[in-house]
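One structure below.
The values are calculated or read from the model by the stated rules, or taken from the named source; none is laboratory data. Bear in mind that the values here come from a model prediction, so they are computed numbers and not experimental data. We place every Cβ from the backbone using ideal geometry, glycine too, and count neighbours over all the protein chains shown. With ligands, DNA and RNA removed, areas are computed over all heavy atoms of the protein, side chains included. Shrake-Rupley method; radii C 1.70, N 1.55, O 1.52, S 1.80 Å.
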2 protein chains.
Amino acid sequence: MTALLTDQYELTMLSAALKDGTAGRGCVFEVFARRLPTGRRYGVVAGTGRLVDLVQDFRFTGPEVGHLYESGVVDEETATWLGDYRFTGDIDGYAEGELYFPGSPILTVSGTFAECVLLETLILSVLNHDAAIAAAAARMVTAARGRAVIEMGSRRTHEEAAVAAARAAYLAGFEYTSNLAAGHRYGIPTAGTAAHAFTLLHDDEPAAFASQVAALGKETTLLVDTYDITQGIRNAIAVAGPELRAIRLDSGDLSVLAQQSRDLLNSLGATETKIIVSGDLDEYAIAALAAEPVDMYGAGTAVVVGSGAPTAGLVYKLVEVDGRPVVKRSENKATVGGRKTAIRRHKPTGTATEEIVVSQGVPDHRLGDRLLQRSYLVAGEPAPLPTLVESRAHLRQCLISIPWEGLKLSAGDPAIPVTVVPAT
Amino acid sequence: MTALLTDQYELTMLSAALKDGTAGRGCVFEVFARRLPTGRRYGVVAGTGRLVDLVQDFRFTGPEVGHLYESGVVDEETATWLGDYRFTGDIDGYAEGELYFPGSPILTVSGTFAECVLLETLILSVLNHDAAIAAAAARMVTAARGRAVIEMGSRRTHEEAAVAAARAAYLAGFEYTSNLAAGHRYGIPTAGTAAHAFTLLHDDEPAAFASQVAALGKETTLLVDTYDITQGIRNAIAVAGPELRAIRLDSGDLSVLAQQSRDLLNSLGATETKIIVSGDLDEYAIAALAAEPVDMYGAGTAVVVGSGAPTAGLVYKLVEVDGRPVVKRSENKATVGGRKTAIRRHKPTGTATEEIVVSQGVPDHRLGDRLLQRSYLVAGEPAPLPTLVESRAHLRQCLISIPWEGLKLSAGDPAIPVTVVPAT
């Protein structure tokens, strides 16, 4: 981690603000989405759990400061300031796993202008990436209707983004990831058995299956579509017996093949052998397999690229300076100034009805309302955080709480409206 | 960098292959695209320049091996093997900045099965990400018709992916990046001045502009659309004088605003002041501004997410075992086995006409043919590589060499065909 993961303009603004004396003004920046990706009905807050550590580690080393000074990006005063930098302000925001909608103030960063402005790029990178993956993954989990989903998309995205993507998918309800670094860093259950290359390496398919079963036991998954699927399934059961845990299909018309494979497995006595399908599955392809005898889905490309929405469109805007609301005035980008407080309102049944966001004040509280913000950092020190497993459970609860239309895969409006009440 | 940036199944395959004696078989894996993203006419090889270092650093530390063993992913024999692992095989491939088409064998990895299979995830992550960005960026550079483009999308993608994206965009012909880590790591020119927050921080716009000019000089760029653009431009020239280097417009109907801004600047005597535009620009929006008085483009979201194609769809396939071609047979995924050699054929004028790919042999060589593969690693040791600036120049040349239809932004077929000749 390096504080160079930032945009140059954060440092030129800092430089000018240090010179003119405004760097120490008390500021509030807010992260929010002006809109959801086209047709999406909710967003998922994701990445805040790993952001806290990144903000604390956000320091400029001596050589980095030297590089910035020598390349003329910053002057001497700013260079000295950067060498001592650490964030000592407050960060509040929606819990990881919380849903958000256009206008939800999902993260609030307060402190001096200088210390807050430097975090813009890092905060947006983490949240825009992780929220995009989590929202796509949550839709896939809904589409899977209780069947397990494995994240296996590491090879389709940047090598480090892959680890964060695995974490976001797990947050959203995936059961496993293929990514070993995600298993190591975040304790996410990992899975994975064999690729077509393993079959091709061997003299024939039975030899490959026998080798895999010898090494991994009958609790393994045999990939049966390297040559001919029918023969592949016969070979699999001949080698492993009907106790084989699972077969995987990675190509072809999966809805036809799943049924044929189930029938064949049953006829071979392998009635308990599971069927795992993979191969360019997105939420729509998963939904289309709902009636087929599929036991588990493997999702790759679509989840790690956000299934059509690879970035969440979150912005980081200055909303308050020394207690005074500020706002940019440009067409289509008007926002409400001032620090916001947000609650979500619910029916007595628990169904969410709307979000109320108040600028520079506190919303009237009714029965069923839930305050949406919590502390992440207080004076630069981390507040206690829920575990990833707890955040995962929180998201599951949130998805249950929205009106049922909100879970439809088809394009539609946000599941609940957000009313932003300006300062009076 | 950690060798845990991989999929679990690479290790389970390794484990089984070590047990059955096939781990040492001589293998050739190839990276290629079955198709280009819908409507795209070429792909751009990108990431190979940073891949070489990553492959050399791809080692498992003691604690990582311990974690894999304790969590049951690998057995003791495999754990010991992983502790000693380093890649000692060969990697050949297309030069960075080379164009590719469906079927082009862009990277060839040879060695034992064990050492090659472990690299699949890393290689595909790097190439799928960087090639996706480079291809989108190259289309934007074409659309900009010689005007400079700045990459400013770091906040829209994962924090580390942002650095690789900046590198890929520079490879593709962008002039600058806002990402400081990319400047530091790869020597890419960086740029960036101020955001709307800087104006909002100050008591009024003239105060903000005066501060910026005091700190950065008249060679800076003033962002004039925080409140009213006409007044913003008047304020900018009043503060900085007509020697101001540039203004930036980040919102509104840029084609109308660019002309109005140019007229106003001229009327204020600021005839040399440049106009930089930004705000959700993709290759089509850039092309639409061709006739307007714009001097430079800032591209953010669209470039870092590949402008509709966030991953390149490259695959890593075993094509040869102990000198014998191997191939998976499944519908729609048939490929030709055997190690490939590729040449690109050109007219005497220098225009590329086709790519010839021969399995297990060497293509007939004619005048104007160019061999497309080069060494990256020989017996695990790096071969001399071109610099990033040289690769950038190579891509520019390659784009000049394809038939003119290949540079059209509209959807179409690959710019040249690839003929794959099976082993005879």
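Scanning the stretch B:354-375 turns up at least one residue that is among the polar types (S, T, N, Q) and more than 27 Å from the chain's Cα centre (by Cα). The residues in the stretch A:12-36 that are over 26 Å from residue A:68 (Cβ atoms) and in a loop (DSSP other than H, G, I, E, B) can be counted, and the count is 3. Residue A:39 meets the conditions (1) modelled with pLDDT of 95 or more; (2) more than 14 Å from every other protein chain (Cβ to nearest Cβ); (3) within 25 Å of the chain's Cα centre (by Cα) in every case but one. The failed one is (1).
Within the stretch A:1-33, the set of residues being within 7 Å of another protein chain (Cβ to nearest Cβ), crowded, with 21+ Cβ neighbours inside 10 Å and of a type in the set (Val, Ile, Thr) comprises A:6, A:12, A:22. Within the stretch A:198-231, restricting attention to residues that are charged (D, E, K, R) and either buried (at least 24 other Cβ atoms within 10 Å of the Cβ) or touching a Leu at 6+ places or on another chain (Cβ under 6 Å) (or both), the residue that is nearest to residue A:245 (Cα to Cα) is A:218. Of the set (1) open to solvent by less than 40 Å² (accessible area, probe 1.4 Å); (2) of a type in the set (Val, Ile, Thr); (3) within 14 Å of another protein chain (Cβ to nearest Cβ), all apply to residue B:112 but (1). Check whether at least one residue in the stretch B:270-279 is surrounded by 21 or more Cβ atoms within 10 Å (Cβ to Cβ), closer than 25 Å to residue A:300 by Cβ and in contact (Cβ under 8 Å) with a residue 24 or more places away in the chain, and report yes or no. No - not one qualifying residue is present in the stretch B:270-279.
Listed conditions (1) under 30 Å from residue B:254 (Cβ atoms); (2) out of contact with any helix residue (DSSP H, G or I) (no Cβ under 6 Å at 6 or more places or on another chain); (3) at pLDDT 95 or above are all met by residue A:332, apart from (3).
Residue check: is residue B:412 touching a residue at least 12 places away in the same chain (Cβ under 8 Å), open to solvent by less than 30 Å² (accessible area, probe 1.4 Å), assigned by TED's automatic domain parsing to the domain that holds residue B:320 and not in a strand (DSSP E or B)? Yes; evaluated as a whole, the condition is true for this residue.
Tell me yes or no: at least one residue of the stretch B:96-103 is open to solvent by less than 20 Å² (accessible area, probe 1.4 Å), in contact with a Phe, Trp or Tyr (Cβ under 9 Å, 6 or more places away or on another chain) and more than 29 Å from residue B:159 (Cα to Cα). Can you show your working first?
Taking the stretch B:96-103 and keeping what is open to solvent by less than 20 Å² (accessible area, probe 1.4 Å), we get B:96-101.
The next check asks that each one be in contact with a Phe, Trp or Tyr (Cβ under 9 Å, 6 or more places away or on another chain); those that pass are B:99-101.
Keeping just the survivors that are more than 29 Å from residue B:159 (Cα to Cα) gives B:101.
For the stretch B:96-103, residues open to solvent by less than 20 Å² (accessible area, probe 1.4 Å), in contact with a Phe, Trp or Tyr (Cβ under 9 Å, 6 or more places away or on another chain) and more than 29 Å from residue B:159 (Cα to Cα): present.
Check the stretch B:369-380 and report whether any residue there is closer than 16 Å to residue B:172 by Cβ and out of contact with any Pro (no Cβ under 6 Å at 6 or more places or on another chain). No, the conditions are met nowhere in the stretch B:369-380. Tell me, yes or no, whether the stretch A:126-145 has at least one residue that is surrounded by fewer than 24 Cβ atoms within 10 Å (Cβ to Cβ), outside any helix (DSSP H, G or I) and either within 11 Å of chain B (Cβ to nearest Cβ) or not small (Gly, Ala, Ser) (or both). Checked the stretch A:126-145: at least one residue is surrounded by fewer than 24 Cβ atoms within 10 Å (Cβ to Cβ), outside any helix (DSSP H, G or I) and either within 11 Å of chain B (Cβ to nearest Cβ) or not small (Gly, Ala, Ser) (or both). When the stretch B:375-424 is examined, which residues are found to be touching a strand residue (DSSP E or B) at 6+ places or on another chain (Cβ under 6 Å) and aliphatic (A, V, I, L, M)? B:377, B:378, B:383, B:402, B:416, B:418, B:420, B:421, B:423 - these are the residues of the stretch B:375-424 that are touching a strand residue (DSSP E or B) at 6+ places or on another chain (Cβ under 6 Å) and aliphatic (A, V, I, L, M). Against the criterion of being touching a helix residue (DSSP H, G or I) at 6+ places or on another chain (Cβ under 6 Å) and either more than 22 Å from residue A:133 (Cβ to Cβ) or not assigned by TED's automatic domain parsing to the domain that holds residue A:324 (or both), residue A:79 qualifies. The set of residues in the stretch A:53-76 being in a helix (DSSP H, G or I) and surrounded by fewer than 16 Cβ atoms within 10 Å (Cβ to Cβ) consists of A:53, A:56, A:62, A:63, A:66, A:70, A:76. If you go through the stretch B:164-180 and keep only what is in a helix (DSSP H, G or I) and more than 7 Å from every other protein chain (Cβ to nearest Cβ), you end up with B:165, B:166, B:167, B:168, B:169, B:170, B:171. Residues considered: A:306, A:323, A:313. Of these, the only one that is under 14 Å from residue A:140 (Cα atoms) and of a type outside the set (Lys, Arg) is A:306.
Out of B:159, B:115, one residue alone is free of Cβ contacts under 8 Å to residues at least 60 places away in the same chain and part of a helix (DSSP H, G or I). It is B:115.
Of the residues B:304, B:327, which is touching a Gly at 6+ places or on another chain (Cβ under 6 Å) and modelled with pLDDT under 95?
B:327
Check whether at least one residue in the stretch B:356-363 is more than 11 Å from chain A (Cβ to nearest Cβ), closer than 30 Å to residue A:157 by Cβ and in contact (Cβ under 8 Å) with a residue 60 or more places away in the chain, and report yes or no. Yes: one or more hits. A residue that is out of contact with any strand residue (DSSP E or B) (no Cβ under 6 Å at 6 or more places or on another chain), in the same structural domain as residue B:16 (by TED's automatic domain parsing), more than 27 Å from residue A:316 (Cβ to Cβ) and open to solvent by 10 Å² or more (accessible area, probe 1.4 Å) occurs nowhere in the stretch B:164-173. Restricted to helices (runs of 4 or more DSSP H) entirely inside the stretch B:181-286, those with at least 3 residues that are closer than 20 Å to residue A:317 by Cβ and within 14 Å of chain A (Cβ to nearest Cβ) are B:196-201, B:205-216.
For the stretch A:78-112, the set of residues classified as part of a helix (DSSP H, G or I) and either of a type in the set (Ser, Thr, Tyr) or touching a residue at least 60 places away in the same chain (Cβ under 8 Å) (or both) consists of A:78, A:80, A:81, A:82, listed by residue number.
As a summary of the residue check, residue B:253 satisfies the conditions (1) modelled with pLDDT under 95; (2) assigned by TED's automatic domain parsing to the domain that holds residue B:115; (3) at negative phi except for the one numbered (2). Among residues of the stretch A:313-326 that are more than 25 Å from residue B:303 (Cβ to Cβ) and more than 9 Å from chain B (Cβ to nearest Cβ), those with a beta-carbon under 7 Å from a residue that is open to solvent by 60 Å² or more (accessible area, probe 1.4 Å) and of a type in the set (S, T, N, Q) at least six positions away or on a different chain give the pairs A:325/A:360.
Please tell me if residue B:93 is over 24 Å from residue B:174 (Cβ atoms) and assigned by TED's automatic domain parsing to the domain that holds residue B:74. Against the criterion (over 24 Å from residue B:174 (Cβ atoms) and assigned by TED's automatic domain parsing to the domain that holds residue B:74), residue B:93 does not qualify.
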